[in-house]
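Written out below as structure tokens is the structure these notes cover.
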Amino acid sequence: MIEKDKISIIVPVYNVEKFLVQCVESITNQTYKNIEIILVDDGSTDNSGKICDELATKDERIKVIHKENAGVSCARNVGMDAATGEYLMFPDSDDFLFENSCEVLVNKIKSEKADFVIGNYSNCNEDGTLWEKPVFNKEKYKEFRLSIKDCRDSFFVMNSAAWNKIFNHEFILKIGARFAEGYTIAEDAMFTTYCFIKSKKVFYLPDIIYAYRRRAATTSASVNCTSGYFYAINKSYLRIYENFRDNDEIEFYRCFYAKSMTYMLYKFIDSTLLSYDERLDVLMEMRWFYKLSVDLEVPACQESLSVIINKIISGDYKDVIDICSVVADIRKTLPKDIKENMSKPDSEMYEKILR
């Protein structure tokens with residue numbers, strides 16, 4: 001039974017003993033008190049499960065579910081099945097909320113009768129030190145209502161994460177939204193983009209409601225990718241594309257694709273963990289994805305990328321690998337900020353894409 005005005009805050013937990021207490025205490029200390037906290041211990045092998053149980057003894061609003069390890073999507077789905085709140089939130093267990101986060105979000109979703117609301121957020125270092133500026137420029141992006149027909153402002157604040165959002169529980173049930181199990185990468189993006197496609201009322205708030213922890217080990221793993229990473233994200237990207245295509249929202253997807261194409265190609269270029277044969281396999285597996293650049297009329301950000309993409313499409317994989325090796329050597333000499341900017345389409349690029 002769904003309880004009016006209550007927020008169910010679902011936290012998937014797996015081997016985060018170092019950060020778990022801060023995360024949970026940031027939730028229990030919220031100014032908005034009508035919450036339930038569902039900690040889903042996904043078969044942790046460290047002390048995380050024990051910490052969950054200890055925290056539950058200190059606050060009756062905390063419920064703990066222990067289960068065998070099956071991944072973050074399964075853990076979130078288990079939490080949703082147990083949720084009784086009118087609203088749902090999905091923070092990660094190594095991040096934290098600000099004291100008034102729930103109050104800010106729930107006031108907006110209630111007053112607007114929205115399907116979901118997106119909040120601004122800040123990155124923080126592994127030790128919890130907040131970065132100086134939030135992710136979304138507060139001067140540029142004021143409070144506004146999003147539209148999937150708006151490929152400008154709405155696209156830029158409609159990030160893929162589930163953790164900086166609050167969802168109407170009835171809306172989630174109505175559209176049958178679930179986190180995709182069996183997917184290990186971009187599972188958030190599959191869920192949030194599907195919700196956006198099916199939504200009627202979505203709002204963005206410039207208030208900073210979430211701190212996303214940039215952990216050194218996680219960042220390193222996401223930068224230097226194995227073949228397994230590329231196979232997994234290829235599987236996720238296909239499902240995201242099919243969702244947009246099957247719901248006739250390809251125009252919005254074109255911007256999503258432009259960002260994803262550049263991001264993915266530079267991950268392939270920069271990775272040092274792929275053998276020659278693995279590079280061949282990844283290129284063949286992802287040929288469909290790069291072929292979309294032609295089908296959707298989305299050009300590459302730089303001329304060098306256009307050459308690479310055209311050769312992937314034509315199946316000249318040896319040439320692709322040789323060119324990528326040269327580009328990778330050049331990128332090793334560049335400062336980090338320049339490398340990151342190369343991986344992101346700029347505003348002029350998006351203007352070229354938009355029809």
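The values are calculated or read from the model by the stated rules, or taken from the named source; none is laboratory data. What you are looking at is a predicted structure, and each value in this text was computed from that prediction instead of being measured. All Cβ positions, glycine included, derive from the backbone under ideal geometry; neighbour counts span all protein chains shown.
Some observations on this one:
- Count of the stretch 315-341 residues which are in contact (Cβ under 8 Å) with a residue 24 or more places away in the chain, closer than 19 Å to residue 277 by Cβ and surrounded by 15 or more Cβ atoms within 10 Å (Cβ to Cβ): 5
- Condition met for residue 110 (assigned to a helix (DSSP H, G or I) and among the charged types (D, E, K, R)): yes
- Within the stretch 15-32, considering residues that are in contact with a strand residue (DSSP E or B) (Cβ under 8 Å, 6 or more places away or on another chain) and in a loop (DSSP other than H, G, I, E, B), the one surrounded by the most Cβ atoms within 10 Å (Cβ to Cβ): 30
- Residues that are of a type in the set (A, V, I, L, M) and either outside the structural domain of residue 67 (by TED's automatic domain parsing) or without any contact (Cβ under 8 Å) to a residue 40 or more places away in the chain (or both), drawn from the stretch 4-23: 21
- Selection status of residue 242, outside the structural domain of residue 121 (by TED's automatic domain parsing), loosely packed, with under 15 Cβ neighbours inside 10 Å and at negative phi: yes
- Scanning the stretch 33-49 for residues that are charged (D, E, K, R) and either crowded, with 16+ Cβ neighbours inside 10 Å or in a strand (DSSP E or B) (or both) yields 36, 41, 42.
- Residue check, residue 148 part of a loop (DSSP other than H, G, I, E, B), over 30 Å from residue 22 (Cβ atoms), among the aliphatic types (A, V, I, L, M) and in the same structural domain as residue 26 (by TED's automatic domain parsing): yes
- Among all residues of the stretch 113-127, there is none that is outside any strand (DSSP E or B) and hydroxyl-bearing (Ser, Thr, Tyr).
- Taking the numbered list (1) in contact with a Lys or Arg (Cβ under 9 Å, 6 or more places away or on another chain); (2) in contact (Cβ under 8 Å) with a residue 60 or more places away in the chain; (3) not acidic (Asp, Glu) in turn, residue 1 passes all entries but (1).
- Residue 174 of a type in the set (D, E, K, R), over 26 Å from residue 263 (Cα atoms) and not in a helix (DSSP H, G or I): no
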